[in-house]
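Here is the structure we will look at.
The values are calculated or read from the model by the stated rules, or taken from the named source; none is laboratory data. Since this is a predicted model, take the numbers as computed values, not measurements. Here the Cβ positions follow ideal geometry from the backbone for every residue, glycine too, while neighbour counts run over all protein chains shown.
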Amino acid sequence: MELVLLPVISVVLALLLFGLFVAMGGHSPVEVWILLFKGAFGDSFSIQNTLQRAAPLMMTGLCVAIPARAGLTIIGGEGALVIGALACSAVPYGFDLPLNIGGTVIVLLAAAIAGGLWIGLAGWMRQFRGINETISSLLLAYLAINLFRHFVEGPMRDPSSLNKPSTFPLQTSQLVGNIGSWDVHWGFAWGLLLCICAGIWLSFTSNGFATRVVGGNPRAAGLVGLPTSRLVISACILGGAAAGLAGGFEVAAVHTTANAAVIAGLGYAGILVSFVARHQPWAIIPVSIVLGGFGAAGSMLQRRIGLPDASVQVLLGFAFVLILAMESLRGRLGWTKIFDSSRSPKNSQAI
């Protein structure tokens with residue numbers, strides 16, 4: 001019960017606070033709420049824009065969720081995404097890629113490997129050096145961003161990119177197309193697939209069960225002989241690979257080059273996605289679509305009532321703070337206990 005209700009209550013309260021926020025600026029909260037819905041799901045264009053924005057959020061959400069199930073709090077998905085984007089754009093510099101779908105596979109695989117190794121490093125430092133993974137992953141994100149800027153504005157810069165430094169664009173054969181006639185790239189389908197596979201792995205495989213045991217009680221996991229360090233580092237690598245793949249799709253499907261537009265905070269938004277979804281891979285899918293819709297509605301708020309496009313970031317900030325605050329209420333809500341007790345076997349027999 002709490003698994004669903006607490007995140008829903010948090011989002012509803014965030015919308016109410018956002019309405020109060022815009023009311024202080026002289027705007028109608030009701031109009032803002034309606035525009036948020038229309039901008040996200042009002043027509044086919046809005047829906048396509050929402051799904052396009054949801055694609056990287058699903059993957060960066062997995063970068064937080066999978067390590068969290070192993071007991072780690074990783075918040076450096078932005079670093080994995082950026083490193084993945086850099087690796088994706090760097091591969092053609094050193095190799096002559098085939099002019100077919102194989103070229104796309106290679107650049108995306110490079111992005112996933114780079115992101116996996118980057119977050120895997122945070123897991124390794126946690127297990128073998130005792131360094132807090134939250135701090136190390138955040139610092140690694142700052143390092144990744146600065147490495148990205150160094151290479152994009154230095155050794156890998158395209159001389160023709162004057163006002164906006166970027167790498168050489170990928171060839172057409174290395175780009176990712178759209179799904180059918182929709183203006184939604186295949187990164188969305190990959191995000192769905194990764195979330196579904198992650199949910200199946202964690203719920204129905206022995207390795208996924210072992211990972212959850214390590215996250216629930218690492219001391220007990222060690223006592224029963226589970227390879228704790230291997231499971232933790234593997235979870236970090238898998239989560240980082242998902243975020244790195246998001247960076248690869250941002251280059252190969254959206255921007256065609258690595259440039260400053262890649263550093264858009266999608267990795268940090270993945271933290272909110274994962275916490276709202278309570279680190280459940282399957283729940284990441286609808287949460288990413290809803291939060292992607294909020295982002296897509298920003299431009300409509302700007303056009304219709306003059307609110308800055310970035311004002312939706314205030315809404316996301318409210319949601320994140322409330323999600324963290326709601327964690328203190330887990331197991332303390334009397335009405336959820338009443339609901340759960342009404343479904344107990346004893347009551348069922350009485351019925």
- Query: Do we have any residue at all in segment 234-255 that's without any contact (Cβ under 8 Å) to a residue 24 or more places away in the chain and hydrophobic (A, V, I, L, M, F, W, C)?
  - Reply: no
- In this structure, does Gly115 turn out to be part of a helix (DSSP H, G or I) and either at pLDDT 95 or above or within 14 Å of Gly239 (Cα to Cα) (or both)? yes
- Message: Testing Gly270 on (1) surrounded by 20 or more Cβ atoms within 10 Å (Cβ to Cβ); (2) among the small types (Gly, Ala, Ser); (3) within 26 Å of Thr104 (Cα to Cα); (4) over 18 Å from the mean Cα position of the chain (by Cα), one condition comes back false. Which one is that?
- Response: (4)
- Of the residues that sit in segment 136-149 and are surrounded by 15 or more Cβ atoms within 10 Å (Cβ to Cβ) and closer than 21 Å to Ala65 by Cα, which one is farthest from the chain's Cα centre (by Cα)? Ser136
- Query: Out of all the residues in segment 38-56, is one or more of a type in the set (Val, Ile, Thr), surrounded by fewer than 23 Cβ atoms within 10 Å (Cβ to Cβ) and more than 30 Å from Asn217 (Cβ to Cβ)?
  - Reply: yes
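For segment 76-103, give me the residue count where each residue is surrounded by fewer than 24 Cβ atoms within 10 Å (Cβ to Cβ) and not acidic (Asp, Glu).
Within segment 76-103, the subset surrounded by fewer than 24 Cβ atoms within 10 Å (Cβ to Cβ) is 90-103.
Applying the additional criterion that residues be not acidic (Asp, Glu) yields 90-95, 97-103.
Of the residues in segment 76-103, 13 are surrounded by fewer than 24 Cβ atoms within 10 Å (Cβ to Cβ) and not acidic (Asp, Glu).
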- With respect to Gly216, is the statement that it is more than 30 Å from Val91 (Cα to Cα), touching a residue at least 60 places away in the same chain (Cβ under 8 Å) and surrounded by fewer than 15 Cβ atoms within 10 Å (Cβ to Cβ) true? yes
- Message: With the structure loaded, tell me whether Ser181 is touching a Phe, Trp or Tyr at 6+ places or on another chain (Cβ under 9 Å), over 23 Å from Ala258 (Cα atoms) and without any contact (Cβ under 8 Å) to a residue 12 or more places away in the chain or whether it fails that test.
- Response: no
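Please go through segment 248-263 and pick out each residue that is part of a helix (DSSP H, G or I) and more than 13 Å from Gly191 (Cβ to Cβ). Can you show your working first?
Our first condition is that a residue be part of a helix (DSSP H, G or I); within segment 248-263, this holds for 248-255, 260-262.
Across segment 248-263, the qualifying residues are Val251, Ala252, Val254, His255, Ala260, Ala261, Val262.
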- Query: What number goes with the only condition from (1) buried (at least 23 other Cβ atoms within 10 Å of the Cβ); (2) among the aliphatic types (A, V, I, L, M); (3) not in a helix (DSSP H, G or I) that Leu226 does not pass?
  - Reply: (1)
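In this structure, does Leu170 turn out to be of a type in the set (A, V, I, L, M), surrounded by 13 or more Cβ atoms within 10 Å (Cβ to Cβ) and at pLDDT below 95?
Values: of a type in the set (A, V, I, L, M): yes; surrounded by 13 or more Cβ atoms within 10 Å (Cβ to Cβ): yes; at pLDDT below 95: yes.
In short, yes.
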- Is it the case that some residue within segment 234-244 is hydroxyl-bearing (Ser, Thr, Tyr), in a helix (DSSP H, G or I), at pLDDT 95 or above and under 23 Å from Gly123 (Cα atoms)? yes
- For helices (runs of 4 or more DSSP H) lying entirely in segment 1-106, having 1 or more residues that are without any contact (Cβ under 8 Å) to a residue 60 or more places away in the chain, among the β-branched types (Val, Ile, Thr) and farther than 29 Å from Gln280 by Cα picks out 29-41, 77-94
- Task: Evaluate the following for Val152: is it in a helix (DSSP H, G or I), surrounded by 18 or more Cβ atoms within 10 Å (Cβ to Cβ) and in contact (Cβ under 8 Å) with a residue 12 or more places away in the chain?
- Result: yes
- Message: Cβ-Cβ under 6 Å, sequence separation 6+ or interchain: first residue in segment 258-283 and under 30 Å from Phe168 (Cα atoms), partner at pLDDT below 95 and charged (D, E, K, R). Which pairs?
- Response: Asn259/Lys164
- For segment 173-189, which residues satisfy the criterion of being of a type outside the set (Asp, Glu) and either farther than 22 Å from Leu97 by Cα or surrounded by fewer than 17 Cβ atoms within 10 Å (Cβ to Cβ) (or both)? Ser173, Gly177, Asn178, Ile179, Gly180, Ser181, Trp182, Val184, Phe188, Ala189
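Listed here are the residues, each with its yes/no results for (1) within 18 Å of the chain's Cα centre (by Cα); (2) within 27 Å of Ala65 (Cβ to Cβ).
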position: Gly120; (1), (2): yes, yes
position: Arg126; (1), (2): no, yes
position: Gly130; (1), (2): no, yes
position: Phe151; (1), (2): no, no
position: Asp158; (1), (2): no, no
